[in-house]
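Novice: The structure is given below, and queries will be raised subsequently.
What follows is calculated from the coordinates using simple rules that are stated; it is not laboratory data. The structure presented is a predicted model; accordingly, all values stated were derived computationally and were not measured. Ideal geometry is used to build each Cβ from the backbone, glycine not excepted, and the neighbour counts take in all protein chains shown.
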Amino acid sequence: MLRKVWRGKWILLIGLLLAANGIVLAQGGSITNFTVPYNNYIYDYWGDSIPGPQAYLPSKVISGDDLKVGTLRNPGDMFITEDGRFYIADTGNNRIVVVDHNPELLQTISSFGSDNQETFQTPSGVFVTQQGDIYVADTGNARIVHLDPEGNLKRFIGEPRSSVEGILPPNFSYRPLKVGVDQHGRMYVVSRDLFEGFISFSEDGQFRGFVGAPRVTPKLADYLWSRFATKEQRKRMQAFLPTEYTGFDLDSEGFLYAVSHDEDKEEDEGGIATKIRKLNPKGEDLLRRLGFSEPMGDVEFPNRWTEANRRGSSRLVDVTVQDYGVYSVLDANRGRVFTYDNNGNLLYVFGYIGTDDGQVRRPVALDHFGRTMFVLDSEMNSITVYEPTDYTLLIWAALDAYDRGDYAQTEIIWGKILAMNANNDLAYTGIGRTLLRREQYEEAMKNFKLGQNRAEYSKAFELYRKEVIYANFGTFSWIVLGLLVLVVGLYKFYQNRKIEPTVYDEVAVTTLPKGKGLKASIRRTAESLKFAFNVIMHPIEGFDRLKTDGMGTVSSATIILGLVVASFVFSRQYTGFIFNTADLSKINLLMEIGSVVVPFLLWCLVNWALTTLMEGKGTFRDVYIASAFALVPIVLTVVPLTIISNFLIAEEGAFYRLFMTLGLSWAVILLIIGAVMVTHDYSFKKTIFTCISTIMGMAFALFIGMLFVSLSEQVILFVRQVVTEVVHRT
């Protein structure tokens, strides 16, 4: 009987594996991997690039001669229909070239209308409806040309006109670059040098207004400066203009997937990080951005001040929408194609700028047929064809299985993907979702953690926590009851000690123990540390006694500082996964210690230096001790909250952040009151001024220190070069 059960399980497993292979094959045929002149990668949770398998490989390059239409000249756009027809806007030759997927030439459209008297002038965009109607953005003639499937003229849609003053921008010059039509006949046009978004036309060609203008919010400093600047200064200031759209595609539901770029501006100069949008007819952006980073192409890149050949962020010029809400965008800066799922997760990247096989020079348009990708190159006057690898086909098979609700098969396929790329965080998430549906919450949590998916980890943890509590309700009840008894007992014990203090207690709260030797020193330090609780509860009296009665010692202050350092290190390492976004593999213990000790010592030094000039009554020792004692609330809040964070879900994070903020705020208030106002005997107004001056002094000291380090590196480098030169010459 047992053998039959195991035999059934093996048959089921083999059947699932064969079915997964069948789905992969159904996604399309792959090509054999071979070496390409670039490395592939994806980005992890922290925005760092990590190696990945090749997603697509170049299979061939199609030129105008291959299509038997002569050389293409500066082609500007390409559209592929569901039945595999290619429509190429051959801009330099003023024509539209139509071929099938083989590719075989079907038609060239260069003249149309009555007696073929009408011609194109630099057509830059082309779009084909499901009925086969052709729309061409005839840039040079400032119009949209509407043709029937055979290429016969149906109508012209001219430049937009409005009887309402102010709707169209002043000195508007209509130069349509891209065109698209949704299933209801609404037409959307991208025009050159237009910053108001898409031009919208009704089905009968009437101008309806603008849709989806990208918003740019100027910085507060720039706004204030513009309010006080003269007219001449305002003229010289850079205008806060939004970025214009460069390309778009329409999905089956009529949503516009639009891309934009600003190759001449950094983000802080008016450029925008939101380079991809999903717009509804009202112009509202509905794109889901649930991935590790904003869908924007490359996340890390050389800035324009470096010596890299390709500087700046991705310059997105086109987008194509595929099944299941997946979309791919084309980066003209580096010739890469980035593909995202419907949640904004990066699936894979391929392509690069260059002259070697499989590379492009000036990519301008992107489209797909099945799983094959096509990139139009306006400099090489050709179309580069990319075929998917087994890795990419597996990803599509997993998306398909999940969409059909076949979660068991989804898990198997994601497991195969992990075997090919252990860095694929999305694969861990896919497995975690399957386990979550099976109510295997603990295993789901492990996979969500490996996939850095904190949101779904929280959902799985909430269900797992309920399961554990229900299973151990009796034990938890006794633990809670025991804790309550302990708290009540401690409270009563403390109350009794307050009612009948001993002689030692009276002495202990008045002065520190006297005497010499190690034991006496340890007793003084212990009593000083005990007094820290009095300081944080009664700050005015407590900080005064730290100074006047000597209740604070350097050793106790140093121990408190060490505990603060240990608290922050403990928090960085052991905060619950949901709230801990640090890369634990890159935590440097010395840097963590320095991040606390250096600012603390800098605060003490600058504060003492300034107050010496401002009639302050405290010495450096007083400032050091008072500042350290002010940090006690950090130890009392950070450590317990770090432990508690491991038992909270995301929805309960507000309480965690609230109490953490209260603890830090408590410490800051004590720092202001104790280390400045009481220690130096200042008024409140002078205390605030001193604190602000201290912070400014710390910033100046850090600047001087960094400048010194930089100059020292330059001097060392110069000396090394001189020594090297002398050695080589001799």
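Novice: Excluding residues on the same chain fewer than 8 positions from Lys492, give the aspartates and glutamates whose Cα lies under 16 Å from its Cα.
Specialist: The qualifying aspartates and glutamates are Glu500.
Novice: Given the DSSP H assignment, sum -39500 (n - 2.57) over each helix run of at least 4 residues in the chain and divide by its residue total; what's the result at 222 nm in deg cm²/dmol, nearest 500?
Specialist: Values: 18 runs with 309 residues, N = 730.
Calculated at 222 nm, the ellipticity per residue is -14000 deg cm²/dmol.
Novice: From the mean inverse distance of alpha carbon pairs (Kirkwood) and the Cα radius of gyration, derive Rg over Rh for the range 41-104.
Specialist: On the way: Rg = 17.0 Å, Rh = 14.3 Å.
Radius of gyration over Kirkwood radius for the range 41-104 works out to 1.19.
Novice: Here's something else I'd like to know. With a cut-off of at most 14 other beta carbons within 10 Å, and DSSP calling the residue loop, which GluC sites (Glu not before Pro) in the range 78-164 qualify? Please list them.
Specialist: Qualifying residues, ordered by number: Glu82, Glu104, Glu150.
Novice: Give me the one-decimal nm value for the distance between modelled label points at Ser202 and Thr475, 7 Å along each residue's Cα-to-Cβ direction.
Specialist: Each label point lies 7 Å from its Cα, and together they span 7.1 nm.
Novice: Between the range 57-79 and the range 335-365, what is the C-alpha centre distance in whole Å?
Specialist: After rounding, the separation between the Cα centres reads 18 Å.
Novice: Moving to a separate point now. Can you give me the angle between helix 554-574 and the longest principal axis of the chain, using Cα atoms only, in degrees from 0 to 90, rounded to the nearest 10?
Specialist: Rounded to the nearest ten degrees, it is 30.
Novice: Which value, in nm² and rounded to one decimal, describes the direction-averaged projected area of the C-alpha convex hull of the chain?
Specialist: The orientation-averaged projected area of the Cα hull of the chain comes to 51.5 nm².
Novice: Write out the trypsin sites (Lys or Arg not before Pro) in the range 90-154 meeting two conditions: DSSP loop, and at most 10 other Cβ atoms within 10 Å of their Cβ.
Specialist: Details: sites: Arg95, Arg143, Lys154; in loops: none.
Here no trypsin sites (Lys or Arg not before Pro) fit, given the DSSP loop and packing criteria.
Novice: Helix 518-537 sits at what angle to the longest principal axis of the chain, using alpha carbons and giving 0 to 90 degrees rounded to 10?
Specialist: 60 degrees
Novice: Using unit Cβ charges (K, R positive; D, E negative) and no other charged atoms, how large, in debye to the nearest 20, is the dipole of the chain about its Cα centre?
Specialist: That gives the chain a dipole magnitude of about 3220 debye.
Novice: Sorted by mean Cβ packing within 10 Å, highest first, what order do the peptides 478-489, 309-320 take? Write out the running numbers ahead of the final one.
Specialist: On the way: 478-489: 10.0, 309-320: 20.3.
Descending mean neighbour count gives 309-320, 478-489.
Novice: Among Ser163, Phe533, Ser313, pick out the residue whose Cα is farthest towards the positive end of the charge dipole of the chain, where Lys and Arg carry +1 and Asp and Glu carry -1 on C-beta, about the Cα centre.
Specialist: Ranked along the dipole, the leading option is Phe533.
Novice: Say the cut-off is 31 Å between C-alpha atoms; which of Lys547/Lys686; Lys278/Lys459; Lys60/Lys154 go over it?
Specialist: Cα-Cα > 31 Å for Lys60/Lys154; rest within.
Novice: For the peptides 354-365, 285-296, what is the packing order when you average, over each peptide's residues, the other Cβ atoms within 10 Å and list the highest mean first?
Specialist: 354-365, 285-296
Novice: Right, another one. Report P(r) for the range 515-712: all Cα-Cα distances, bin width 10 Å, range 0 to the bin holding the largest distance, values in whole percent.
Specialist: Whole-percent P(r) values from 0 Å outward: 9, 31, 33, 22, 6, 0.
Novice: Taking +1 at the Cβ of each Lys and Arg and -1 at the Cβ of each Asp and Glu, which of Val727, Val606, Ala557 sits farthest along the dipole of the chain towards its positive end, judged by Cα position relative to the Cα centre?
Specialist: Ala557
Novice: Could you give the distance between the Cα centres of the range 467-484 and the range 175-197, to the whole Å?
Specialist: So the separation of the two Cα centres works out to 63 Å.
Novice: Hey, fewest Cβ within 10 Å first, where do Met445, Met373 land in order?
Specialist: Going from least to most buried by this count: Met445, Met373.
Novice: On to the next question. Round to the nearest 10 and give me the degree value, 0 to 90, for the angle of helix 684-729's Cα axis relative to the longest principal axis of the chain.
Specialist: Once rounded, the angle reads 60 degrees.
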